[in-house]
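The values are calculated or read from the model by the stated rules, or taken from the named source; none is laboratory data. Since the structure is predicted, the reported quantities are computational estimates derived from the model, not experimental observations. Don't worry about glycine lacking a Cβ; one is built from the backbone with ideal geometry, like all the others, and counts go over all protein chains shown.
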Amino acid sequence: MSDTTVVESSVPPPGNRVAPPAIDAVPLRHPWRWVAAVVIVVLVGLFMYGAATNKAYGWSTYAEYLFNDRILLGVMNTLQLTAYAMVLGVVLGIVLSVMRLSPNRVLQSVSWAFLWIFRGTPVYVQLVFWGLLPTIYQNIQIGVPFGPSLFHLNLQSLSIPFLLAVIGLGLNEAAYMAEIIRAGITSVPEGQMEASTALGMSWGMAMRRTVLPQAMRVIIPPTGNELISMLKTTSLVTAVPYSYDLYSIASREIAARTFEPVPLLLVAATWYLAITSVLMVGQYYLEKYFSKGISRKLTAKQLEALSKAQTDAGHV
């Protein structure tokens, strides 16, 4: 009989290894977070109760004018002001951004001066000047110098406060959109354009198919913010003066007649908040669409596949 003793190993063979037990991690407790949450809920509840019982808010007047025809007219005019001014701002912003990126010193200087003026002065002051345009330039004439006039327009005979409001808002917005678009274009590496031109694409085709699709993920978020800001900035068109937007109708026309400014301001705020909420939802889906393939967050399917791969690796 052999003197050697066979000792069975406690380590299982490679084929029978099991995954290590899960770590029973106990999260840290944060009681003060719950205390703060309870205090906030109590304060919000007290505020809502006080607002509901305070007669100064005039909730009956609020309910009466929330869907009033004049209010709805102001909502439509506000939406039109926002849409037209944003279109003008985006189109002119593209032109100004291209001018800033141009090697031509004259184009760069003109673009820089435009941005300097319209970003450096308050939009309310600009709208006041646009409202005074028919007074400053009473007549517009186009013709041969020291010769016959080919075109003559008397601005004081025209009623164009809506057009002046759109121009004032649009030009101010163009200064900001120019920088947003320029930042989006410059965020794309130059190698993308070089590779596109090496494949035979023209400059315009390379911009449309290579540069702009990648730049949109940088351009879309601030543009959505600018659109929401433009919606609220339309309340300043009273400086033109244009008095058929939502804020003017609610705060000046109806509130001056009912002598109840608070409920009418709440009506205007409700409509601004509702439209802004819709725009925020649209902005979310636009950002999600243009950020495909670059998000660092894993989807549910990706997390499930990763977890399964880790489990299988533990059994090997």
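Checking each residue in the range 173-204 for being of a type in the set (Gly, Ala, Ser) and surrounded by fewer than 18 Cβ atoms within 10 Å (Cβ to Cβ) picks out Ala183, Ser187, Gly191, Ala195, Ala198, Gly200, Ser202, Gly204. Considering the range 212-229, and only residues there that are of a type in the set (S, T, N, Q) and within 16 Å of Ala175 (Cα to Cα), the residue that is nearest to the chain's Cα centre (by Cα) turns out to be Asn225. The set of residues from the range 215-265 being aliphatic (A, V, I, L, M) and free of Cβ contacts under 8 Å to residues at least 60 places away in the same chain comprises Ala215, Val218, Ile219, Ile228, Ala255, Ala256, Leu265.
Give the range 50-59 a look and list any residue that's surrounded by 11 or more Cβ atoms within 10 Å (Cβ to Cβ), without any contact (Cβ under 8 Å) to a residue 12 or more places away in the chain and either touching a helix residue (DSSP H, G or I) at 6+ places or on another chain (Cβ under 9 Å) or of a type in the set (Ser, Thr, Tyr) (or both), or say none. The answer is Ala51, and nothing else.
Taking the listed residues Met201, Met193, Met207, the one that is at pLDDT below 85 and not in a helix (DSSP H, G or I) is Met201, with no other qualifying. Pairs needed: first member in the range 197-214, more than 17 Å from Ile180 (Cα to Cα); second member anywhere, hydroxyl-bearing (Ser, Thr, Tyr); C-beta distance under 7 Å; at least 6 residues apart or different chains. Going by the 7 Å Cβ cut-off, the qualifying pairs are Ala206/Ser196; Ala206/Thr197; Thr210/Ser196. None of Glu194, Glu173 is more than 25 Å from the chain's Cα centre (by Cα) and acidic (Asp, Glu) except Glu194. For the range 22-31, the condition holds for no residue, the condition being that it is in a helix (DSSP H, G or I), exposed (fewer than 14 other Cβ atoms within 10 Å of the Cβ) and touching a residue at least 12 places away in the same chain (Cβ under 8 Å).
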